[in-house]
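Written out below as structure tokens is the structure these notes cover.
The values are calculated or read from the model by the stated rules, or taken from the named source; none is laboratory data. Keep in mind it's a predicted model, so treat the numbers as computed, not measured. Cβ placement follows ideal geometry from the backbone for every residue including glycine, while neighbour counts extend to all protein chains displayed.
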Amino acid sequence: MSDELIVSVSGIRGVVGRGLTAEAAARFAAAYGGTVGPKPVLVSRDGRPSGDMLRHAVIAGLLGAGCTVEDIGITPTPTCGFAVRALGAAGAIQITASHNPAPWNGLKMFGADGAVLPADRGAEVRGRYESGDFPRAAWDGIGCTRVPPDVLGDHRQAVLDLVSVASVAAHRFRVFLDANGGAGGPLGVQLLADLGCEVVQHGCEPTGHFTHEPEPTPAHLTDVAPWVKQSGSAVGFVLDPDADRLALIDEHGVCVSEEATLALAVQYRLNQEAGPVVLNLSTSRMAEDVARAAGCTCVRAAVGEANVVGRMRAEGAVIGGEGNGGVIDPRVGWVRDPFVGMAFILSLMAETGRPFSELVAGLPRYAMLKTKFEVPRSKLAAAYDALERRWPDARVNRDDGLRLDGSDWWLHVRGSNTEPVVRVIAEAPTDADVRRLCDEAGAVVTG
């Protein structure tokens, strides 16, 4: 287990009590506080037990920088972003390690627009954190703490306004929801109830105690998946701890690639309104094919929510996101929002009259493999050069690590922003093709 504190333009993340301490959290919060204006700063967290300790540290750092703090408690990450705009705050710090294992936690920063800080502002906070150049208020300049109105209901209504509630409610879907003890359980349960669904709940209390590995990938849901069929549910929805990712299980208890979440959301959204779509470089071609079939442009951005959001704004995109189960609809907010994904998928089921498994079967079919290797960052540049030499005929993109595109395959290799690993992701026509790509790329980067 790493003792390293990962400091990036997105925030900090580490193992609690080792890389991530109360001192580091307070210092980082103070550095962030030095970059915001006089408006209040929101503080929220996912359900991890360590979040309570870090909450006190973050609030202390912000108060010491002279900020007014509005504590919104255990809250999904997309609700935090929504609340920034709804409450007119200067920004927010969300205490979460997203999909990392239980010993981890971290801080994620938002700006006044309710989006994750862009790279330039994140770099400013990082610089202040590392140099210690941030304000330290005198006794009569210390900030205060307030508890604002609850915004969960407003977020829920903003999602409901995007779909025909009556159309979904008429089908009275039974839906399995696994929040895995994370922050999204209460909002997810209420949203589904408002859509007329009967909700089969699993881990929907935000205790932070995980019943399975927190990253909601098919490999981690083998024990959960059969319960969807056993409960007679039409679909299974699975959230990660801070509820910014949505994984899917069909009515037969089969785990569906998290890449399908965005593809189905794009399909529904473009049925409503045609417009540009923005995906990151590691996202499946499924969503791109769906967009192009609808006659819409599809643009690729560097991995990372802030990068996708920045490109969405530039392109005037009607929807965007990342293939890890993250759907971004600017009508609700600039954050990956699984509640939007749930509403869109149920609406697609209601309007087409097709079972969920048939919707998935109707998507373009590719084999995809996501792997990771422990490789020092100092070796990445040489590894990228070696990979280009290995596939000399591929189209090269170095916007974010290295992406190579062949005639019917692509390979993306990049250092993770959240873990001390190198990610190697590939997509190709068959399982054998994609395994060969990842194995060969892995041998190059670790060689």
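Quick rundown of the values:
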{"quantity": "Criterion violated by T211 - all others in (1) touching a residue at least 40 places away in the same chain (Cβ under 8 Å); (2) part of a loop (DSSP other than H, G, I, E, B) satisfied", "calculated": "(1)"}
{"quantity": "Residue match in region 401-415 (condition: within 26 Å of the chain's Cα centre (by Cα), at pLDDT 90 or above, in a loop (DSSP other than H, G, I, E, B) and not acidic (D, E))", "calculated": "yes"}
{"quantity": "Of all residues making up region 257-280, the number that are crowded, with 22+ Cβ neighbours inside 10 Å, modelled with pLDDT of 95 or more and farther than 21 Å from E351 by Cα", "calculated": "4"}
{"quantity": "The listed residue being outside the structural domain of D400 (by TED's automatic domain parsing), surrounded by 16 or more Cβ atoms within 10 Å (Cβ to Cβ) and in contact with a strand residue (DSSP E or B) (Cβ under 6 Å, 6 or more places away or on another chain), out of P103, P118", "calculated": "P103"}
{"quantity": "Selection within region 186-208 - in a helix (DSSP H, G or I) and among the β-branched types (V, I, T)", "calculated": "V189"}
{"quantity": "Residue under evaluation E215, criteria (1) in contact with a Phe, Trp or Tyr (Cβ under 9 Å, 6 or more places away or on another chain); (2) modelled with pLDDT under 95, criterion not met", "calculated": "(1)"}
{"quantity": "Hits in region 157-172 (condition: over 13 Å from E351 (Cβ atoms) and either touching a strand residue (DSSP E or B) at 6+ places or on another chain (Cβ under 9 Å) or among the polar types (S, T, N, Q) (or both))", "calculated": "Q157, R172"}
{"quantity": "Selection count where residues are over 20 Å from the mean Cα position of the chain (by Cα) and within 20 Å of A367 (Cα to Cα), scope region 259-292", "calculated": "4"}
{"quantity": "Leading residue by the ranking (surrounded by the fewest Cβ atoms within 10 Å (Cβ to Cβ)) among those in region 36-58 that are part of a loop (DSSP other than H, G, I, E, B) and either without any contact (Cβ under 8 Å) to a residue 24 or more places away in the chain or touching an Asp or Glu at 6+ places or on another chain (Cβ under 6 Å) (or both)", "calculated": "P40"}
{"quantity": "Identity of the residue in region 222-255, under 22 Å from the mean Cα position of the chain (by Cα) and surrounded by fewer than 24 Cβ atoms within 10 Å (Cβ to Cβ), that ends up nearest to G185 (Cα to Cα)", "calculated": "V224"}
